[in-house]
Every structure is written in structure tokens, then in C-alpha cells.
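The values are calculated or read from the model by the stated rules, or taken from the named source; none is laboratory data. Values in this document were obtained by computation on a predicted structure and should not be read as measured data. Glycine gets a Cβ as well: all are built from the backbone with ideal geometry, and neighbour counts include every protein chain shown. Note: areas computed on protein heavy atoms with side chains; ligands, DNA, RNA excluded. Shrake-Rupley method; radii C 1.70, N 1.55, O 1.52, S 1.80 Å.
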Amino acid sequence: MSRELPARLTTPAQLLVEGTEPKNLIRVLQQSWRLQEIEIHDFRGVKELRNYLKAFRVVTGFSGVTNLGIVRDAEESAESALTSVQNSLRAADLPMPESPDATGLGKPSVSVFILPEGVSKGSLKSLLWRSIEADPRARCINDYVACMELKDMTIAQGDKARVLAWLAAQRRPTDSIGVAARMHYWDPMHESFAEMRRFLEELTAK
């Protein structure tokens, strides 16, 4: 665990995210939105969050952290995902928000963003698909997924399949959503990102 932890925390706003790809994507979005600096860290996976938080709070510089944000996928249930994060915060003796739009008051204050927007089931890939699904070319991706399912193929993660198919069809294909962000394949000003932008703005404004 220790090798994944930062050596020192240097900004008042800290963000913990579930995976390297979300970390890379959010860093690009943060720069696009010209937000104040947020240090972003990968806690790897939901099962690791509890122990990561316990270790994170003793990293040098944590005493100067005023705002801590946590981002993870809803997967099958946004409510269950929030409960899981709350349990991890409680185990680490950190402030716990009671709802997705609330803040756990204390030092630091803690806020949680459940992807895609705090209510629906899904993931970061669901949010990304929403940002492109109105593009006329996206119909081809939907037709592809529908065709595969007609061939008795079960696609467990439809939005992930759609996003990866979209990236594979670009002039410069990639399977990395973070690289895709640097290539401007996602529009950071699209309305689908509004809730995430608000979350990050509030994280730096408190």
C-alpha cells in the first residue's frame, strides 16, 4: 500500500479516484476548466479504499488538507456505492457526508461524487458515453452493440463497450480514456460533465 501513497500532500484540496484512467481524465478536465490545483490520487479499487484512507491521513501534509473529495463508480447502485464510501470513511475516522450532494463537515471536509452523476447506476464510461451519444456517428456504435447482442453475445458493460468502440474508430485510435482526453475526444464543456465540474469547483472553493 505504501508505495501507492504520495510522499507529501501540498495542496488544500485533495481528490481520491478509483483507478489510473479516471485520474488521468480528471486531470485533463481540471486543466480545461481552469480550476485551482487539486492533487489527484488513485486509491486503486473500492475494496482498497478503507485501508487507503487510513494510510492517507498520516501522509506528511495531511494536516494542511481542508477539502477531501472521493470519486467512484456507482456500478449497479449509486446508493450502495455511497454506503460503501461512507463505511470506509467511518473506519478511517473521517467526516462522512450523508448524501451525494452533502459534505461531511470537519477537518478536512469530505465530499463524494458517485459516477455517472450521483443517482444512476453506471460508471465513468457511462458519463463519457453521454457526452458523445448525440453525435450522429454514435448511432453506428449503438447498431454495432445491438448486432452483437442479436448474435447471442451478452455485453455486460454496454457503455464501456460503446466508449471503446468509439475510441477504436477515431483517426488516432486509443483504448485509454485519459489519452483520449488529451486528444480532445471528449468535450469538457458538454452538459454531461456539469455535475462533475460543479463537484470539483466546490472542492476547490471551500
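Below are the figures for this structure:
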item: Computed E for Gln170/Asp93 - FRET, C-beta separation, R0 41 angstrom, nearest 0.05; result: 0.35
item: Residue among Val163, Val28, Val58 with the largest mean-square fluctuation in a Gaussian network model of the chain, springs linking Cα atoms under 10 Å; result: Val58
item: Region 111-168 - accessible surface per residue (Å², probe 1.4 Å); result: 55
item: Potential extension, Asp135-Thr10 segment - 0.36 nm per residue separation minus Cα distance; result: 41.0 nm
item: Accessible area of region 1-104 belonging to carbon and sulfur atoms, whole % at 1.4 Å probe; result: 42
item: Cα centroid separation, region 173-188 to region 85-131 (Å); result: 24
item: Candidates Gln170, Gln30, Gln86, ranked by Gaussian network fluctuation over the chain, Cα under 10 Å, top entry; result: Gln170
item: Val112 long-range amide H proximity, modeled H, under 5 Å; result: Ile70
item: Carbon/sulfur fraction of accessible area - region 105-197, other protein chains in place, 1.4 Å, %; result: 52
item: Selected from His41, Ser63, Ala13, residue furthest toward positive end of dipole (region 1-72; charges at beta carbon); result: Ser63
item: Cα gyration tensor shape of region 1-106, rounded if a/c is under 1.5, else prolate or oblate by comparing a/b with b/c; result: rounded
item: Per-residue HN-Hα couplings for region 127-133 [Karplus 6.51, -1.76, 1.60; θ = phi - 60°; Hz; x = Gly/Pro]; result: 5, 5, 5, 4, 6, 10, 5
item: Inter-label distance, nm, simple model (7 Å from Cα along the C-beta direction), Thr60/Glu191; result: 4.8
item: Between 0 and 90°, nearest 10: helix 158-168 axis offset from the chain longest Cα axis; result: 70
item: Of Lys47, Lys23, Lys125, the one that fluctuates the most in a GNM where the chain has Cα springs shorter than 10 Å; result: Lys47
item: Principal-axis tilt of helix 20-32 within the chain, Cα atoms, nearest 10 degrees; result: 90
item: Two-decimal log10 I(q)/I(0) for region 42-198, as the Debye equation yields it once each C-alpha is a single scatterer, q = 0.12 Å⁻¹; result: -0.62
